[in-house]
Amino acid sequence: MLPSSSTSAEAFQVRVQIFGLLRLMLNGLESLEVRCAPGETVGSLLEKFQAALAQPVTHKLLTPEGELWVGTIILVNRRNVLHLEGLQTPIQAGDVVALFPPGAGG
Amino acid sequence: MGYGWNGKILRVNLTTQSCQVEPLNEEWARDYVGGRGLATKYLCEETDPQVDPLSPENKLIFATGPLTGTYGAANGRYMVVTKSPLTGTVACSNSGGYFPSELKYAGFDLIIFEGKAPKPMYLRIYNDKVELAGANHLWGKSTSEAEDLIRNEFHGDAKVALIGPAGENQVHYACIVNDKHRAAGRSGVGMVMGSKNLKAVAVRGTGGVGVADPAGFREAARECYRMLRTHPVTSQGLPALGTAVLVNIINQSGALPTRNSQSGTFDHAEDISGERLAQTYLKRNKSCMGCIIGCGRVTQLSDPRWSGSGEGPEYESLWALGAACGVSDLAAITQANYLCNEYGMDTITAGSTVACAMELFERGLISEAEAGMPLKFGDGDAMVRLIEQAGKGEGFGKKIALGSYRLAESYGAPEFSMSVKKLEFPAYDGRGIQGMGLEYATSNRGACHVRGYLVSPEILGVPEKLDPQAIEGKAAWAKGFQDATALVDSAGVCLFTTFGIGVPQVGKLFSAATGKTADEAALMEVGERVWNMERVYNLKAGIDPSQDTLPKRLLEEPLPDGPMKGAVAHLGELLPQYYSARGWDEKGIPTEQKLKSLGVTS
């Protein structure tokens, strides 16, 4: 008997943690499980994350050109993607992704 | 003079109770601009750096900058400059609100307090009418009570800067609170004010600030507003959650000093975060004069144990009274923050000193009998009790009032004080963020985050992202940020605007306001001049370069957990690079050539 779907067999869930202004916009939503496929990157994950939500929020992370705003922090397993491969950083099963729109203090 | 600067100093001799108006030294104003730079120049010229900070011979200077009270960025700052009783270094503590601009509108750039009043007094200023009034009835009153009394008896629209009971009781980290909820917080400037028997300064000014080129100033101001309104940090990030948004950011980055810097991550960070504060006690945002960012947080505490309202806690307070003490009880943190505001204490040193006491207790150096209670990490109620005792000068609070270094030293264990030059770290671990370790070690007032905020590039990615563990290039970044900050502090502009604007914009405002054209290079040289002047003051005060260091814990104990696990502070590599970037000799002494080029008196 064949597997029902090779894609679903390889798919995996990734937890996306939501912080700062994004959490306010999403009425306190702290995290979201996003279904990922092999070859997933931070950039494609953001598209799926947005698609799972009723309102637009990723424009707080990305410019209209699709680049990270100055000050946006995206961590994969607590490492800033700017020190990895940026939006091309690969996502794997078990990863935890944290999204922070630009913020500051002192 | 007359544009930007008012051109007038108010000199108040508290011993003789005389108040005199003097012209501002124009040459010094040209070279040191105002605020931090100009006031430090007066301190250097008029006092012996070895003066006892609590003696009448020490001076206390309230200083605005040429941009204070103007519109354009967030130009509502003033600085309190004196010799610090906590550190023995030069002190410059910065505050916003409305008091600074009001002082400018009354016609003064600086107030220099000398001597010591024979009894509690406060200064009343109504434009050019100045008088000292008795303050016996205000002594012992909290900051908000005393401010209300002063406004009732002097002028309903007066703006007030004052000390609380902590300043009167000689808490080493007493601050000067203005507009009830803003504070010149660090280095114990409120202790100096208390030592002079000066309770408050109340000012009502009905004038304005003249600018030399109104059209040019409007254009420069528009540019600043446009940049602040479009930069994601200043237009959205800071307004949304204020500084408290950093709790989760810094914790996730592995650099949130926890349980007296024994860890870089706090398991309960969410419970003390800006996001949680927004869901619980936050009522609204609040701005200082002329500010479009509005990072202030108005809160109302409702808890079975406490109730009240006020401002904060800000990020630094959430950390110091929270993660540093292992406390995840947001109500306790908020209550302790309110107590610090009412007693007039720096929340950073207050929380860090409690954290130090908790470690000393857990190591068996402080007994329960001596403290009057168990002092275990995580006990929010004990933390609140200690803060209150410190403000009142009661019980074990008398020891907490000393600050962490003197506390730990009294038990023969100064290494458990997380401080540099006796000033406690703010909320960033110098192992997790290498540039901040260098900044703490070299800051002229001790471990401080607002002398060169390298968190911005190293963690936040503003203006560009640097690797927090990288060494190369950090010394030059530190120098650049330190010099730029010294300029901003001297101009009277809020440092937070620099997330969105830069020195070129400050330069345009400055040139249009004062009529004295200054390009970016000239203004950065002002910052460097101020930095070197402060360094020379400290050297003369006996603060030698061997104190450009970090506690043993940061140098030798690797972070035990989190994404920065294993990291120690690489100060040994960074410090020589920093001295070289500064043009100082290998021992950290500014060379004669460097000082001569900057026009700083050695």
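Being of a type outside the set (A, V, I, L, M), closer than 20 Å to B:ARG276 by Cβ and not assigned by TED's automatic domain parsing to the domain that holds B:THR68 narrows it down to one of B:GLU368, B:GLU342, B:GLU359, B:GLU311, so name that one.
On the way: B:GLU368 fails: closer than 20 Å to B:ARG276 by Cβ; B:GLU342 fails: closer than 20 Å to B:ARG276 by Cβ; B:GLU359 fails: closer than 20 Å to B:ARG276 by Cβ.
Step by step, each of B:GLU368, B:GLU342, B:GLU359, B:GLU311 is checked, and only B:GLU311 is of a type outside the set (A, V, I, L, M), closer than 20 Å to B:ARG276 by Cβ and not assigned by TED's automatic domain parsing to the domain that holds B:THR68.
Give B:VAL33, B:VAL12, B:VAL90 a once-over and let me know the one that is in contact (Cβ under 8 Å) with a residue 60 or more places away in the chain, surrounded by 24 or more Cβ atoms within 10 Å (Cβ to Cβ) and under 21 Å from B:LYS422 (Cβ atoms).
B:VAL90
Go through region B:271-286 and give me each residue that's within 18 Å of B:PRO426 (Cβ to Cβ) and away from every other protein chain (no Cβ under 11 Å).
B:ILE272
Please go through (1) without any contact (Cβ under 8 Å) to a residue 12 or more places away in the chain; (2) surrounded by 12 or more Cβ atoms within 10 Å (Cβ to Cβ) for A:VAL81 and return the number of the only condition it doesn't satisfy.
(1)
Please indicate, with yes or no, whether at least one residue in region B:575-585 is more than 14 Å from chain A (Cβ to nearest Cβ), surrounded by 22 or more Cβ atoms within 10 Å (Cβ to Cβ) and not β-branched (Val, Ile, Thr).
yes
Go through region B:180-219 and give me each residue that's crowded, with 24+ Cβ neighbours inside 10 Å and charged (D, E, K, R).
Residues satisfying the conditions are B:ARG182, B:ARG186, B:LYS196, B:LYS199.
Looking only at residues in region B:238-270 that are among the charged types (D, E, K, R) and away from chain A (no Cβ under 12 Å), which one is nearest to A:ARG79 (Cα to Cα)? It would help to see each step written out before you state the result.
Initially, region B:238-270 is screened for residues among the charged types (D, E, K, R), giving B:259, B:267, B:270.
Checking which are away from chain A (no Cβ under 12 Å) leaves us with B:259, B:267.
Working: B:ARG259: 23, B:ASP267: 18 Å.
In this case the residue turns out to be B:ASP267.
Can you pull out every residue in region B:441-481 that is touching a Gly at 6+ places or on another chain (Cβ under 6 Å), buried (at least 24 other Cβ atoms within 10 Å of the Cβ), within 14 Å of chain A (Cβ to nearest Cβ) and in a helix (DSSP H, G or I)?
Passing the criteria: B:GLU458, B:LEU460.
For region B:456-493, which positions are β-branched (Val, Ile, Thr), within 17 Å of B:LEU246 (Cβ to Cβ) and out of contact with any helix residue (DSSP H, G or I) (no Cβ under 6 Å at 6 or more places or on another chain)? If you could, list the steps in order and put the result at the bottom.
Within region B:456-493, the first condition is being β-branched (Val, Ile, Thr), and the residues that meet it are B:459, B:462, B:471, B:485, B:488, B:493.
Filter once more, so that each one left must be within 17 Å of B:LEU246 (Cβ to Cβ): B:459, B:462.
Correct list: B:ILE459 only.
Has region A:54-61 got at least one residue that is farther than 20 Å from B:GLN236 by Cβ, of a type outside the set (Val, Ile, Thr) and within 11 Å of chain B (Cβ to nearest Cβ)?
No, there is no match, as no residue in region A:54-61 is farther than 20 Å from B:GLN236 by Cβ, of a type outside the set (Val, Ile, Thr) and within 11 Å of chain B (Cβ to nearest Cβ).
Which ranges mark the strands (runs of 3 or more DSSP E) fully within region B:1-103 that have 2 or more residues being touching a Cys at 6+ places or on another chain (Cβ under 7 Å)?
B:8-13, B:78-83
For A:LEU82, all conditions in the list (1) out of contact with any Leu (no Cβ under 7 Å at 6 or more places or on another chain); (2) facing chain B (nearest Cβ under 8 Å); (3) in a loop (DSSP other than H, G, I, E, B) hold save one; what is the number of the exception?
(3)
The values are calculated or read from the model by the stated rules, or taken from the named source; none is laboratory data. Every value quoted in this text rests on a predicted model; they were computed, and no experiment measured them. Positions of Cβ are generated from backbone atoms using ideal geometry, with glycine treated the same way; all protein chains shown enter the neighbour counts.
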